[in-house]
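Visitor: Sharing a structure with you now.
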Amino acid sequence: MKKNKLVSIILILCLLVTMLAGCGRSSTTTTDNSSGTAKVTESAKTGSEATASETPSVSLDGLPESVSAGTIAASPDFYSNTDLSKDYTVNMYLIGDTPKAWDEVLLKVNEYLKPYNTQLAVTFMSWSDYQTMYSLVLAGGEDVDLIFTAPWCYMYNEAAKGSFYELKDDFITNYMPLTKKYQAAESWSETNIAGKTVAVPSNVATPMGKIVAVRQDLMEKYGMSELKTWDDYKKFMLTIAEKETPSSGIYALAAATDNNELWDVYRQQSDTFLALDSSYLDMMYQYNGGIPAKEDIKLAYEYDSFRNFAKDMKEMADAGCWSRSALTNTVTDDDAFGNLQGASIAWNASVFTYMEQAEKTAGVKCMAYDLTTDHLVGAEAYSNNDMAIAAGSKNPERAAMVLDMMKFDTYLNRLLILGVEGEHYSMDAKGQYTELDKATDFAASAISASWAIKNGNLTEAGVPEREKAITDSWQDRVVMNPTITFVFDDTKVKSNVAAVTTVLTDYVPSLELGLVDDVDASLNEMLKKCKDSGLQEIYDEFYKQYDVWLATR
């Protein structure tokens, strides 16, 4: 009798357990990146049941070993530590102009995110507005979850204000599993500021040699065939100013605002790196094979190389190589080159885009030249483009999930970098993409987010030999800036930095454009004003922090 009653109790308990399990189970999805569709399976818990303490992270062992080794498909199962029970819109802020086909691309992004109960909303701060909008957005006036940032886009200033959510190791492990698996380990130190990781850097350090592009048809018109040195380039510039500009109105270089890119080409000849690059407040050193001593780092404009460069610029300006109103020109030198208003530009491999634009006109032929083939080539830092979670995010875990997927889910990553496959680009059997006619509506790497989520696994098919020849030649000469992880905190000398930066902003563009009466007098006057404005105090604080950083190397 007792035995039968015990069996009955056990059967009832088993039935209850089965019923409860059925009620508690909810649908989750895995995704098939080849079609962008979702497959529903019944497995992991969601909502309040899916807590970090209850639910272990799903194994990623079945995924490719590296980003370039195959298709990576995200799944809600990977984010079992994130509460996906409630609908949430992740607000992302980017800089730059809105591509024509952006609404179409965003629609597909949000279709893909449906199984995650998540939408993405994006605000573009245009090139003309972002400098005034950026800090205001982060100051608390807007709902911000994700935001593009970079050393050149307020990362250090906003980090000092506490504007970014700290990405601790356990947060990345729990909420960004793909980033944990695939992000280059050496990249994290570049977004670690004052001991806190404030952003996720891009996942590739790209060679960034500085080169010049010229109108080859104009070179040949005046009996020149090739540029090998800076002096060759200078001769070309002066020739255009003398023989071409008076008749056609084409400047040797349609300079605008400053000549900073040309200065980069020039200083590459002396193997220099910047230990600080901040609104003309550039601390430079000559690379000799290792980490520089602090006394080897000084303001770039105190070096003889800048003085000599400025004198060359004056010679070119006086000859008419660019407009006397170059300081206030609003059309960039790159656009002017593409529109046939300039005969040369200086930049990195981006010059090839403008060369192709110029060559759409019949009879126009362009060529790019590396003037420093026996010198080092720097690499774009991982941290040159980053995505951060805003400190004020209402749901940093959900923001982390979206960022994780944008960076490493193959479908989403390609969608945001290349647009819609079959419309904006096609992919060949080798995994190389080709832009299609509609790429003008969404060009490859058209938005700032695409710069931050790049992994180095996308290559364009049919790269012209002239471009490949230059970029391939960089590979053996690439040197990473050994001071890239040093971050100068100017909090204690903020007023000095502001004062010195004001002086530099008043003088450097004019010196770079040669629009001064006397280079030596103007440069000496600038340096004196910098010292009077607190340059030594900046040096003292810079060297103090550098000593602390150096002790950790």
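The values are calculated or read from the model by the stated rules, or taken from the named source; none is laboratory data. Values in this document were obtained by computation on a predicted structure and should not be read as measured data. Note that we place each Cβ from the backbone using ideal geometry, even for glycine, and neighbour counts take in every protein chain shown. What goes into the accessible areas is simple: the full protein's heavy atoms, side chains included, and nothing from ligands, DNA or RNA. Shrake-Rupley method; radii C 1.70, N 1.55, O 1.52, S 1.80 Å.
Visitor: Go through segment 452-461 and count every residue that is open to solvent by 60 Å² or more (accessible area, probe 1.4 Å) and in a helix (DSSP H, G or I).
Guide: Qualifying residue count, segment 452-461: 0.
Visitor: Which numbered condition trips up Asn457, out of (1) under 16 Å from the mean Cα position of the chain (by Cα); (2) closer than 30 Å to Phe542 by Cα; (3) not β-branched (Val, Ile, Thr)?
Guide: Asn457 satisfies every listed condition except (2).
Visitor: Let me ask something else. I'd like to check something: does segment 72-91 contain any residue that is open to solvent by 20 Å² or more (accessible area, probe 1.4 Å), within 18 Å of Ala388 (Cα to Cα) and free of Cβ contacts under 8 Å to residues at least 40 places away in the same chain?
Guide: Within segment 72-91 (the criterion being open to solvent by 20 Å² or more (accessible area, probe 1.4 Å), within 18 Å of Ala388 (Cα to Cα) and free of Cβ contacts under 8 Å to residues at least 40 places away in the same chain), the answer is yes, since at least one residue qualifies.
Visitor: Scan segment 321-346 and report the pairs whose first residue is open to solvent by 40 Å² or more (accessible area, probe 1.4 Å) and whose second residue is of a type in the set (Phe, Trp, Tyr), with Cβ atoms within less than 8 Å and a gap of 6+ or a chain change.
Guide: Qualifying pairs under 8 Å: Asp335/Tyr354; Gln341/Tyr251.
Visitor: Among the candidates Tyr134, Tyr182, which residue alone is hydroxyl-bearing (Ser, Thr, Tyr) and in contact (Cβ under 8 Å) with a residue 60 or more places away in the chain? Don't jump to the end; show me each part of the working.
Guide: Numbers: Tyr134 fails: in contact (Cβ under 8 Å) with a residue 60 or more places away in the chain.
That would be Tyr182, the only listed residue that is hydroxyl-bearing (Ser, Thr, Tyr) and in contact (Cβ under 8 Å) with a residue 60 or more places away in the chain.
Visitor: Taking segment 198-235 only, how many residues are of a type outside the set (A, V, I, L, M), assigned to a strand (DSSP E or B) and open to solvent by less than 20 Å² (accessible area, probe 1.4 Å)?
Guide: The number of residues fulfilling the criteria is 2.
Visitor: May I pose another question? For Gly514, which of the numbered conditions (1) in a helix (DSSP H, G or I); (2) within 19 Å of Phe306 (Cα to Cα) fails to hold?
Guide: All conditions pass for Gly514, except number (1).
Visitor: Read through the list (1) modelled with pLDDT of 95 or more; (2) open to solvent by less than 80 Å² (accessible area, probe 1.4 Å); (3) among the basic types (Lys, Arg); (4) assigned to a helix (DSSP H, G or I), then give the number of the only condition that Arg466 fails.
Guide: Just one mismatch for Arg466, condition (1).
Visitor: Name the pairs whose Cβ atoms lie under 6 Å apart, with the first residue in segment 499-521 and under 23 Å from Tyr539 (Cα atoms), the second of a type in the set (Ser, Thr, Tyr) and not in a helix (DSSP H, G or I), and 6 or more positions between them or separate chains?
Guide: Hits for this filter: Ala499/Ser533; Val500/Ser533; Thr501/Ser279; Val503/Ser533; Leu504/Tyr280; Thr505/Tyr280; Val508/Tyr280.
Visitor: Output the residue which, of all residues in segment 378-394 that are more than 20 Å from Glu158 (Cβ to Cβ) and surrounded by fewer than 23 Cβ atoms within 10 Å (Cβ to Cβ), is farthest from the chain's Cα centre (by Cα). Give the derivation first.
Guide: If we filter segment 378-394 for residues that are more than 20 Å from Glu158 (Cβ to Cβ), which is where we start, we get 378-380.
From what is left, the residues that are surrounded by fewer than 23 Cβ atoms within 10 Å (Cβ to Cβ) are 379-380.
Values: Ala379: 12, Glu380: 8 Å.
Top of the filtered list is Ala379.
Visitor: Does at least one position in segment 283-297 carry a residue that is closer than 30 Å to Ala362 by Cβ, at pLDDT 95 or above, more than 22 Å from the chain's Cα centre (by Cα) and part of a loop (DSSP other than H, G, I, E, B)?
Guide: no
Visitor: Right, something else. Please give the number of the condition Asn329 fails out of (1) over 19 Å from Gly249 (Cβ atoms); (2) at pLDDT below 95; (3) among the polar types (S, T, N, Q).
Guide: (1)
Visitor: Next up: Output the residues belonging to segment 474-485 that are at pLDDT below 90 and under 18 Å from the mean Cα position of the chain (by Cα).
Guide: Met480, Ile484, Thr485
Visitor: Sticking with this structure for a sec: Which ones in segment 510-524 are under 15 Å from Asp282 (Cα atoms) and surrounded by fewer than 20 Cβ atoms within 10 Å (Cβ to Cβ)?
Guide: none
Visitor: When you check Thr471 against the structure, is it open to solvent by less than 20 Å² (accessible area, probe 1.4 Å) and at pLDDT below 95, yes or no?
Guide: It is false that Thr471 is open to solvent by less than 20 Å² (accessible area, probe 1.4 Å) and at pLDDT below 95.
Visitor: For Phe486, indicate whether it is under 23 Å from Gln183 (Cβ atoms) and buried (at least 19 other Cβ atoms within 10 Å of the Cβ). Spell out how you get there, then give the answer.
Guide: Numbers: under 23 Å from Gln183 (Cβ atoms): yes; buried (at least 19 other Cβ atoms within 10 Å of the Cβ): yes.
Yes, satisfied.
Visitor: Here's a follow-up. Ala461 is checked against (1) in contact (Cβ under 8 Å) with a residue 24 or more places away in the chain; (2) closer than 22 Å to Ser278 by Cβ and fails just one. What number does that condition carry?
Guide: Unmet condition: (2).
Visitor: Quick check on my filter: what residues within segment 525-546 are of a type in the set (Ser, Thr, Tyr), open to solvent by less than 40 Å² (accessible area, probe 1.4 Å) and part of a helix (DSSP H, G or I)?
Guide: Scanning segment 525-546 gives Tyr539, Tyr546.
Visitor: Does Ser323 satisfy being under 26 Å from Ser128 (Cβ atoms) and modelled with pLDDT under 95?
Guide: no
Visitor: Same structure again: Hey, among Ala358, Ala349, which residue is at pLDDT below 95, within 26 Å of the chain's Cα centre (by Cα) and under 26 Å from Lys468 (Cβ atoms)?
Guide: Details: Ala358 fails: at pLDDT below 95.
Ala349 is the lone residue from the list that is at pLDDT below 95, within 26 Å of the chain's Cα centre (by Cα) and under 26 Å from Lys468 (Cβ atoms).
Visitor: So which helices (runs of 4 or more DSSP H) are wholly in segment 349-447 and hold at least 1 residues that are without any contact (Cβ under 8 Å) to a residue 40 or more places away in the chain?
Guide: Counting at least 1 such residues, we get 351-358.
Visitor: Further question on the same structure: Please work out if Asp296 is of a type in the set (Asp, Glu), touching a Phe, Trp or Tyr at 6+ places or on another chain (Cβ under 6 Å), open to solvent by 10 Å² or more (accessible area, probe 1.4 Å) and farther than 27 Å from Trp127 by Cβ. Before the answer, list the steps.
Guide: Numbers: of a type in the set (Asp, Glu): yes; touching a Phe, Trp or Tyr at 6+ places or on another chain (Cβ under 6 Å): yes; open to solvent by 10 Å² or more (accessible area, probe 1.4 Å): yes; farther than 27 Å from Trp127 by Cβ: yes.
The answer is yes for Asp296.
Visitor: Which numbered condition trips up Glu244, out of (1) closer than 26 Å to Gly378 by Cα; (2) open to solvent by less than 40 Å² (accessible area, probe 1.4 Å); (3) assigned to a helix (DSSP H, G or I); (4) of a type outside the set (Phe, Trp, Tyr)?
Guide: Every condition holds for Glu244 apart from (1).
Visitor: If you don't mind, another one. Within the bounds of segment 263-275, is there any residue that is over 16 Å from Tyr233 (Cα atoms), among the β-branched types (Val, Ile, Thr) and open to solvent by 20 Å² or more (accessible area, probe 1.4 Å)?
Guide: Checked against the condition, which is being over 16 Å from Tyr233 (Cα atoms), among the β-branched types (Val, Ile, Thr) and open to solvent by 20 Å² or more (accessible area, probe 1.4 Å), segment 263-275 yields no hits at all.
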